[in-house]
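The values are calculated or read from the model by the stated rules, or taken from the named source; none is laboratory data. These numbers come from a predicted model, not from an experiment. For neighbour counting, all protein chains shown are included, and Cβ atoms are generated from backbone atoms with ideal geometry for every residue, glycine included. These accessible areas exclude ligands, DNA and RNA; they are computed on the full protein's heavy atoms, side chains included. Shrake-Rupley method; radii C 1.70, N 1.55, O 1.52, S 1.80 Å.
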Amino acid sequence: MTPVAWKILRAVLYGAAALALLATLWFQVVAPRMGPDIASELGRGDYRLTTTDGESFTEETLRGAPSAVFFGFTHCPEVCPTTLSDITIWQDDLGDKAKDLRIWFVTVDPERDSPQMMKEYLGWVPGVTGVSGSPEDIAKAERAFRIFARKIPLESGGYTMDHTAYILLFDDHGRFADLIGYQEKPETALAKLRKLLGA
């Protein structure tokens, strides 16, 4: 393995370890302590982002239909493509009910992820809408959804991102309903989605 390849592999492994730690902290520490007050505040804030359809994305957007929201970025080496692939499987299993679920993919990397770039990146996943915005508004959205994200410089140049990997589910009133962990068992993920959709 060349030195450059080793550096890239090390960065990827570091990111995967950090994500595993975040998932453990969420499910064992944060989630059990999340009372109704904290849960009711998820998604609330004064962020104003832009979707790949050219529409505004604000806390009001979460109202009107069940929603799934997850944060990631188009240069993501593993977590985001895997999550998007899982979504296509869930959509197939949900059948006609899948159209009742709005899915939002919010970037944690606004410096590189314009709405147009996100539209191209998400082109293979029907029903998923990309969301981007200014770094300031993305930071506001991360705080509103209790998302962790940070830039990790690569020794070979450039950077990658560590970020929270779960999917947040909201009911048609825009209230937090549940979450789906990264690579959660398909049967439990689908049970949560069916409950959310009343299927």
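In this structure, is Ile89 open to solvent by 60 Å² or more (accessible area, probe 1.4 Å), over 16 Å from the mean Cα position of the chain (by Cα) and at pLDDT 95 or above?
Yes.
Which count do you get for residues in the range 92-118 that are over 21 Å from Tyr159 (Cα atoms), of a type in the set (Asp, Glu) and within 15 Å of the chain's Cα centre (by Cα)?
Number satisfying all stated conditions: 0.
Give the residues of the range 105-135 that are touching a helix residue (DSSP H, G or I) at 6+ places or on another chain (Cβ under 6 Å), at pLDDT 95 or above and closer than 18 Å to Ser85 by Cβ, sorted by residue number.
Within the range 105-135, just Gly130 meets the criteria.
Yes or no: Asp109 out of contact with any Gly (no Cβ under 7 Å at 6 or more places or on another chain), acidic (Asp, Glu) and under 17 Å from Leu196 (Cβ atoms)? Reasoning before the result, please.
On the way: out of contact with any Gly (no Cβ under 7 Å at 6 or more places or on another chain): yes; acidic (Asp, Glu): yes; under 17 Å from Leu196 (Cβ atoms): no.
No.
Select from the range 92-135 the residues that are open to solvent by less than 20 Å² (accessible area, probe 1.4 Å) and of a type outside the set (A, V, I, L, M) and list them in ascending order.
Phe105, Thr107, Asp109, Asp113, Gly130, Ser132
For the range 127-179, name all the residues that are farther than 21 Å from Ala189 by Cβ and hydroxyl-bearing (Ser, Thr, Tyr).
Ser132, Ser134, Ser156, Tyr159, Thr160
Which residue pairs have Cβ atoms closer than 9 Å, lie 6 or more positions apart in sequence or on different chains, and pair a first residue in the range 174-187 that is without any contact (Cβ under 8 Å) to a residue 24 or more places away in the chain with a second residue that is of a type in the set (A, V, I, L, M, F, W, C) and open to solvent by 70 Å² or more (accessible area, probe 1.4 Å)?
Nothing qualifies.
Using beta carbons and a limit of 8 Å, which pairs, at least six apart or on different chains, have the first residue in the range 135-150 and within 15 Å of Arg112 (Cα to Cα) and the second one in a helix (DSSP H, G or I) and modelled with pLDDT of 95 or more?
Going by the 8 Å Cβ cut-off, the qualifying pairs are Ala149/Glu142.
Can you pull out every residue in the range 137-146 that is within 13 Å of the chain's Cα centre (by Cα), open to solvent by 20 Å² or more (accessible area, probe 1.4 Å) and not acidic (Asp, Glu)?
Arg146 - this is the single residue of the range 137-146 that is within 13 Å of the chain's Cα centre (by Cα), open to solvent by 20 Å² or more (accessible area, probe 1.4 Å) and not acidic (Asp, Glu).
Out of everything in the range 148-197 that is among the small types (Gly, Ala, Ser) and in a loop (DSSP other than H, G, I, E, B), what residue ends up being surrounded by the most Cβ atoms within 10 Å (Cβ to Cβ)?
Ala165
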